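What follows is a short report on a single structure.
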Amino acid sequence: MLIVRSPVRISFGGGGTDLPPYYERFGGAVLSAAINKYFYTILGKRSDGRVQVISSDLRVCETWHDIANMSLQGSALEIPLAVLKEMDCGISVDLFLASEIPPGTGLGSSASVCVNILKTLTTYLGRPLSKYDLAERAFFVARHILGKHVGKQDEYAAVFGGLNYISFHPEGTTLVEPVELDPAVLREFQSNLMLFFTGAAHHSWTILQEQEASTRNRNGTTVEALHEVKALGSRMRTSLERGELHQFGELLHEGWQAKCRISNKISTPRIDKLYSLGLQCGALGGKITGAGGGGFLLFYCEAAHQAAVREAMHKEGVHEMAFGFDTQGAQAIVNDPFIDGDERGGSRWVFVPKASAIASGSD
């Protein structure tokens with residue numbers, strides 16, 4: 001049995017500059033953090049030549065045999081099917097899929113699913129990929145096999161974990177730079193972030209498609225807003241590294257204002273109301289965590305004002321989700337061949353030298 005998990009993410013600045021039409025011309029950069037809400041894949045061995053995929057979130061179960069000749073259209077399980085077609089591996093397994101968050105939340109869950117299933121299959125088949133290769137392959141599946149209008153940031157956040165500044169270069173390469181903070185600053189920063197679920201985003205693909213079209217057509221308003229969003233992401237990084245957290249909150253607010261100029265679909269009257277309430281109660285800044293239209297509303301709010309923000313959101317029927325940062329990214333958390341007798345499992349074992357065991361008092 002093999003169990004793999006991958007995190008979702010929150011992005012602070014630069015979102016939208018990771019889309020190819022932008023970064024291929026100007027270079028993009030995103031400041032983001034992976035959080036400890038995970039997508040899981042549990043793989044078990046089968047012996048009938050078929051692949052069965054069960055999604056607990058979608059409440060869907062499908063069994064496939066001739067995957068190479070199957071169409072992706074019309075399948076609720078298009079992501080695992082696309083990954084299996086891309087891998088072209090001819091295995092017979094059960095894949096059980098489960099997530100700690102619902103889809104359409106703006107936390108990069110679709111990318112986490114794709115990363116997770118790729119990590120599961122490459123681990124199971126003994127074809128390990130580097131972190132960069134895993135992120136790029138997941139992006140290729142989403143962008144070119146599934147034809148989604150997506151950027152690269154979500155795949156990289158899911159693979160690498162941690163708080164990172166991720167640069168997307170015009171020639172197609174990507175650089176992940178961990179943002180190193182003093183432990184006390186990191187604790188305060190994390191404790192001042194609040195997430196509230198506004199409801200699933202129903203048209204994020206439309207927003208991204210329109211943004212891409214506007215960028216390709218060199219729409220001045222969209223491109224200038226994206227330039228500003230990218231610059232603010234860089235300034236946010238600097239403020240964090242200097243421990244200037246109050247300034248970070250203010251920059252987050254500026255970033256949200258710039259992002260709303262990219263498309264009139266990014267916010268809604270409901271989101272505008274909730275955001276204004278948060279600021280009135282003491283939050284310094286915030287944003288919708290994904291492309292827009294719904295999902296999680298992120299606030300940066302210092303401790304003295306959090307109770308007021310929480311109460312205001314509660315009165316509006318908006319629920320808070322507690323979270324912390326993830327530092328490990330996509331990883332196999334169980335790989336045990338003895339559970340289901342699968343000879344492919346358990347490819348990595350760690351043995352404690354006898355001297356070390358004696359020193360620690362172990363038998």
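The values are calculated or read from the model by the stated rules, or taken from the named source; none is laboratory data. Please read all numbers here as calculations on a predicted model, not as lab measurements. Methodologically, a virtual Cβ is constructed for each residue, glycine included, from the backbone with ideal geometry; neighbour enumeration extends over all protein chains shown.
Would you please name the residue that is farthest from the chain's Cα centre (by Cα), looking only at residues in region 146-164 that are part of a loop (DSSP other than H, G, I, E, B), under 22 Å from Leu84 (Cα atoms) and not aliphatic (A, V, I, L, M)?
Top of the filtered list is Gly147.
Condition first: under 20 Å from the mean Cα position of the chain (by Cα) and touching a residue at least 40 places away in the same chain (Cβ under 8 Å). Now tell me which residues in region 122-137 satisfy that.
Answer for region 122-137, where residues must be under 20 Å from the mean Cα position of the chain (by Cα) and touching a residue at least 40 places away in the same chain (Cβ under 8 Å): Lys131, Tyr132, Leu134, Arg137.
Determine which single condition Ser267 fails, assuming it passes every other condition in (1) modelled with pLDDT of 95 or more; (2) farther than 19 Å from Ala29 by Cα; (3) touching a helix residue (DSSP H, G or I) at 6+ places or on another chain (Cβ under 6 Å).
Among (1) modelled with pLDDT of 95 or more; (2) farther than 19 Å from Ala29 by Cα; (3) touching a helix residue (DSSP H, G or I) at 6+ places or on another chain (Cβ under 6 Å), the lone unmet condition for Ser267 is (1).
Checking the conditions here, which among Ala258, Ala308, Ala330 is within 26 Å of Val185 (Cα to Cα), of a type in the set (A, V, I, L, M), crowded, with 18+ Cβ neighbours inside 10 Å and in contact (Cβ under 8 Å) with a residue 12 or more places away in the chain?
Ala330
Go through region 149-183 residue by residue and tally those that are touching a residue at least 60 places away in the same chain (Cβ under 8 Å) and either basic (Lys, Arg) or out of contact with any strand residue (DSSP E or B) (no Cβ under 6 Å at 6 or more places or on another chain) (or both).
The number of residues fulfilling the criteria is 12.
So is Leu186 out of contact with any strand residue (DSSP E or B) (no Cβ under 7 Å at 6 or more places or on another chain) and under 30 Å from Glu311 (Cβ atoms) or not?
yes
Please find, within region 26-50, the residue that is surrounded by the most Cβ atoms within 10 Å (Cβ to Cβ) out of those that are under 28 Å from Gly329 (Cβ atoms) and modelled with pLDDT under 95.
Residue satisfying both the conditions and the ranking: Lys45.
Tell me which of these Met194 doesn't satisfy, since it passes every other one: (1) within 21 Å of Ala34 (Cα to Cα); (2) over 22 Å from the mean Cα position of the chain (by Cα).
Unmet condition: (2).
If you take the residues of region 236-255 that are in contact (Cβ under 8 Å) with a residue 40 or more places away in the chain and charged (D, E, K, R), which of them is farthest from Ile10 (Cα to Cα)?
It comes out as Glu241.
Of everything in region 264-305, what is of a type in the set (Asp, Glu) and either farther than 19 Å from Glu244 by Cβ or free of Cβ contacts under 8 Å to residues at least 12 places away in the same chain (or both)? Give them in sequence order.
Correct list: Asp272 only.
Give me the residue from region 83-136 that is in a loop (DSSP other than H, G, I, E, B) and among the acidic types (Asp, Glu) and, out of that set, surrounded by the most Cβ atoms within 10 Å (Cβ to Cβ).
If we take residues in region 83-136 being in a loop (DSSP other than H, G, I, E, B) and among the acidic types (Asp, Glu), then Glu100 is surrounded by the most Cβ atoms within 10 Å (Cβ to Cβ).
For region 182-194, state whether one or more residues are among the basic types (Lys, Arg), at pLDDT 95 or above and crowded, with 19+ Cβ neighbours inside 10 Å.
no
I'd like to check which strands (runs of 3 or more DSSP E) are fully inside region 1-58 and have at least 1 residues that are basic (Lys, Arg) and touching a residue at least 24 places away in the same chain (Cβ under 8 Å).
2-13, 28-45
Could you please give the count of residues in region 51-74 that are loosely packed, with under 12 Cβ neighbours inside 10 Å and within 19 Å of Thr122 (Cα to Cα)?
Summing the residues that are loosely packed, with under 12 Cβ neighbours inside 10 Å and within 19 Å of Thr122 (Cα to Cα) in region 51-74 gives 1.
Taking Val30 as meeting all but one of (1) in contact with a helix residue (DSSP H, G or I) (Cβ under 8 Å, 6 or more places away or on another chain); (2) farther than 18 Å from Thr289 by Cβ, write down the number of the exception.
(2)
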